[in-house]
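J.: The following block contains the structure, expressed as structure tokens.
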Amino acid sequence: RMELLEDVSLKRMLYEKPDTLKPPRTDVLLVTPWLAPIVWDGSFNIDILNAQFHQRHVRIGLTVFAIKKYTVFMKPLLETAEKFFMVGHKVNYYVFTDRAKEMPNITLADGRQLEVLEVPSYKRWQDVSMRRMEMIRDHSRKRFINEVDYLVCVDADMKFMDEVGVEILSDVFGTLHRAFWGASRTQFPNERRKASAAYIPPDEGDFYYSGSIFGGTVEGVHKLTNFCHHEMLTDKENNIEAIWHDESYLNKYFLYHKPTKVLSAEYHWENYPGVGTIIKKKRFVLIRKNDTAIRNK
Ligand code: UDP
Ligand code: MN
């Protein structure tokens with residue numbers, strides 16, 4: 001890819017001038033202390049971003065695991081992704097599953113592909129959840145690096161309800177957890193046992209990041225998943241498992257490897273009735289499920 005030699009100038013566009021004395025939002029933090037943007041509705045102009053990312057012919061991979069009964073979530077997830085996820089860009093869906101036969105038949109728009117990756121399952125749902133890091137890591141090196149520029153890694157029990165586009169893309173990004181984005185450090189459900197590799201002291205931590213959606217460049221995701229997998233194995237050897245599994249290791253990673261972008265809770269929300277004053281768009285929401293009926297089945 002000869003990106004350096006390409007003319008990267010944008011075409012003439014008309015839009016409202018950014019006003020240095022009038023921030024688009026004053027109710028929420030728009031930038032971290034390490035100057036990473038925090039992505040809230042109203043803080044970006046998607047037309048400018050789309051023009052930039054189209055120029056780079058960006059390719060995006062969406063990874064999701066549908067192991068055992070979780071295949072039931074693929075139809076709503078993929079159908080809503082066709083409506084709202086990276087519309088107009090090149091997208092590869094990578095579904096990791098042990099039940100390829102249960103994959104729904106979904107018509108995809110031009111430039112979008114579904115790749116089913118057959119992988120083994122684990123007995124405990126906690127292991128299914130945690131081993132995602134290892135499998136994303138392995139496939140990043142083997143395959144994703146040759147096929148896409150960015151990866152967006154999500155839970156299966158989710159659906160899109162509004163636009164999720166290139167505004168989320170960056171070297172490595174995390175997402176504010178819907179239940180803890182206003183919480184104090186001591187309220188973060190981080191791992192508090194010093195014996196665990198995921199340990200975070202109560203006087204540290206920037207945000208509490210959701211394990212249900214993170215991403216970055218293939219290289220950025222490779223580093224992140226490799227770290228999380230290694231810390232999980234270390235804990236396994238010591239017979240300890242972090243309180244919130246892969247999410248705890250992810251939070252440990254982001255504490256000392258700061259994300260280059262942070263997505264607001266619009267990207268990890270729930271279909272609560274009505275619209276809030278702060279959360280103006282329910283972009284990506286979880287589907288309420290009966291955990292005992294679906295886990296370990
Ligand atoms: N998962 C799966 N099969 C299972 C358990 C988990 O495919 O039997 C995957 C699936 O992608 C799921 C993710 O692991 O979204 C995390 O598990 P879950 O969503 O149940 O955790 P929660 O979000 O409820 O904490
Ligand atoms: Mn989930």
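J.: Give, as residue ranges, the strands (runs of 3 or more DSSP E) completely inside the range 145-258 that count at least 3 residues that are away from ligand 1 (no atom under 13 Å from the Cβ) and at negative phi.
T.: Answer list for the range 145-258: 150-154, 172-175.
J.: Another question, then. What number of residues in the range 36-72 are closer than 18 Å to Ile106 by Cβ and within 17 Å of the chain's Cα centre (by Cα)?
T.: Qualifying residue count for the region: 7.
J.: From the set of residues in the range 14-53 that are within 16 Å of Lys261 (Cβ to Cβ) and aromatic (Phe, Trp, Tyr), which is surrounded by the fewest Cβ atoms within 10 Å (Cβ to Cβ)?
T.: Going through the qualifying residues, I end up with Trp34.
J.: Another question about this same structure. Tell me which residues, restricted to the range 259-274, are away from ligand 2 (no atom under 14 Å from the Cβ), under 20 Å from Leu29 (Cβ atoms) and assigned to a loop (DSSP other than H, G, I, E, B).
T.: If the condition is that a residue be away from ligand 2 (no atom under 14 Å from the Cβ), under 20 Å from Leu29 (Cβ atoms) and assigned to a loop (DSSP other than H, G, I, E, B), then Pro259, Thr260, Ser264 are the ones that fit.
J.: Still on this structure, please answer the following. Identify, from the list Lys83, Lys123, Lys101, the residue that is at pLDDT 95 or above, exposed (fewer than 15 other Cβ atoms within 10 Å of the Cβ) and assigned to a loop (DSSP other than H, G, I, E, B).
T.: On the way: Lys83 fails: assigned to a loop (DSSP other than H, G, I, E, B); Lys101 fails: assigned to a loop (DSSP other than H, G, I, E, B).
When all the criteria are applied, what remains is Lys123.
J.: Regarding Pro24, is this residue more than 20 Å from Gly211 (Cα to Cα), away from ligand 1 (no atom under 16 Å from the Cβ) and in contact with a Ser or Thr (Cβ under 9 Å, 6 or more places away or on another chain)?
T.: Working: more than 20 Å from Gly211 (Cα to Cα): yes; away from ligand 1 (no atom under 16 Å from the Cβ): yes; in contact with a Ser or Thr (Cβ under 9 Å, 6 or more places away or on another chain): yes.
Yes, satisfied.
J.: Here are some conditions: (1) closer than 19 Å to Met158 by Cα; (2) in contact (Cβ under 8 Å) with a residue 40 or more places away in the chain; (3) exposed (fewer than 15 other Cβ atoms within 10 Å of the Cβ); (4) of a type in the set (Ser, Thr, Tyr). Tyr272 meets all but one. Which one does it not meet?
T.: (2)
J.: Can you tell me how many residues within the range 282-297 are within 11 Å of ligand 2 (Cβ to nearest atom), surrounded by 16 or more Cβ atoms within 10 Å (Cβ to Cβ) and assigned to a loop (DSSP other than H, G, I, E, B)?
T.: Final tally of qualifying residues: 1.
The values are calculated or read from the model by the stated rules, or taken from the named source; none is laboratory data. Since this is a predicted model, take the numbers as computed values, not measurements. Virtual Cβ from ideal backbone geometry, glycine too; neighbours counted across all protein chains shown.
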